[in-house]
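Everything on this sheet refers to the single structure shown next.
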Amino acid sequence: MIRGAAELLLAKPDLDERTRARLLRIQRAEQQCSDLIGALLLLSRNERAVGQCDVAKVAQQLLESHRAQLAGKPVELKQEGEPSLPLQVPESALAVALGNLIGNAVKYTPSGEVVVRVLADAVEVRDSGPGLSAEDAARLFERGYRGTHAGHSQGGGIGLSIVRRLCALYGWEVQVRPGGERGVVATLRFG
C-alpha cells in the first residue's frame, strides 16, 4: 500500500524537488522494511529462500539510501573493488545483512568516510569512526548488546544478531574488528 501510494505520487509531473526527495526516502524506507520482514520470516522458519542478486549492485543501492540520510553530516560514502559479485540468495537477505553493517558504520562515524569494498568472495565495510574495544568486538553479535560508543544513538542492539543468524542460515561468515588506529572493519564473507 505504501509502495503504491509513493509510486503514484512520484508519477506526478509537477512535483518540486523537495517533495520528490521525501517521496524517494519513503520509497527506500518501505523497501528496507519489506527486506527486513522477508529476512525475519526466513529466520523464523529457518528456511533458505532461493534468489539471485549482485553484491556490488546491492551495496550501491544501500550507499545511495544512506547518502540521502546524511543530512549534512561530513561523511563520504564510497564503493570500491569488484564491479560485480553474483550470489544465489534473495536480495532481501543480503540487503538486511549488508545494510546493518553499512548502517552501523554510518551511524558511528561522526566525520570522515565509510568505504564498501567488494572482493572476489566477500564485502568489507571500513569506517573512520572512533573504533571499538576488544570487549565490544567480542560481544557485538549478542542480542541486545550495544557497544560503549553507542551512547544515546537509536537502536535496540539486535541488528548484528540478525546478521549473525542470516550468516548461519546461508553459510556466510561475519567478522567485526578494530580498524587499526581508528575505525572498524566489518567483513561479510560468502561461503
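What is the pair-distance distribution P(r) of the chain, computed from all Cα-Cα distances in 10 Å bins starting at 0, with each bin given as a whole percent?
P(r) over the chain, rounded to whole percents: 9, 35, 37, 17, 3, 0.
Explain nothing, just compute: Karplus ³J(HN,Hα) = 6.51 cos²θ - 1.76 cosθ + 1.60, θ = phi - 60°, for every residue of the stretch 182-191 in order, whole Hz, x for Gly and Pro.
9, x, 9, 10, 10, 10, 10, 9, 9, x
Suppose the chain between SER133 and ALA5 were pulled fully straight at 0.36 nm per residue; how much longer would it get relative to their current alpha carbon spacing?
Result: 41.6 nm gained on full extension.
If the cut-off is 15 Å between C-alpha atoms, which aspartates and glutamates fall inside it for LYS78, apart from same-chain ones fewer than 8 positions away?
Cα-Cα hits under 15 Å: GLU64, GLU113, GLU124, ASP127.
Return a whole-number percent for the relative contact order of the chain, with Cα pairs under 8 Å and 6 or more residues apart as the contact set.
19
For LYS57, give me every one of the aspartates and glutamates with a C-alpha distance below 14 angstrom, ignoring sequence neighbours fewer than eight places off in its own chain.
GLU80, GLU82, GLU91
Which part of the stretch 94-125 falls in the paramagnetic zone of ARG67, meaning amide N under 17 Å from the point 7 Å along Cα-to-beta-carbon?
99, 102-103, 106-107, 112-118
So what J values fall out for the stretch 172-179 if you push phi through Karplus, 6.51 cos²θ - 1.76 cosθ + 1.60 with θ = phi - 60°, rounded to Hz, Gly and Pro as x?
Using θ = phi - 60°, the values come out as 8, 10, 10, 9, 10, 9, x, x Hz.
Readers should treat all values here as calculations from the given coordinates under stated rules, not as data from a laboratory. None of these values were measured; they are calculated from a predicted model. Quick reminder, even Gly has a Cβ in these numbers, built from the backbone with ideal geometry, and neighbours come from all protein chains shown.
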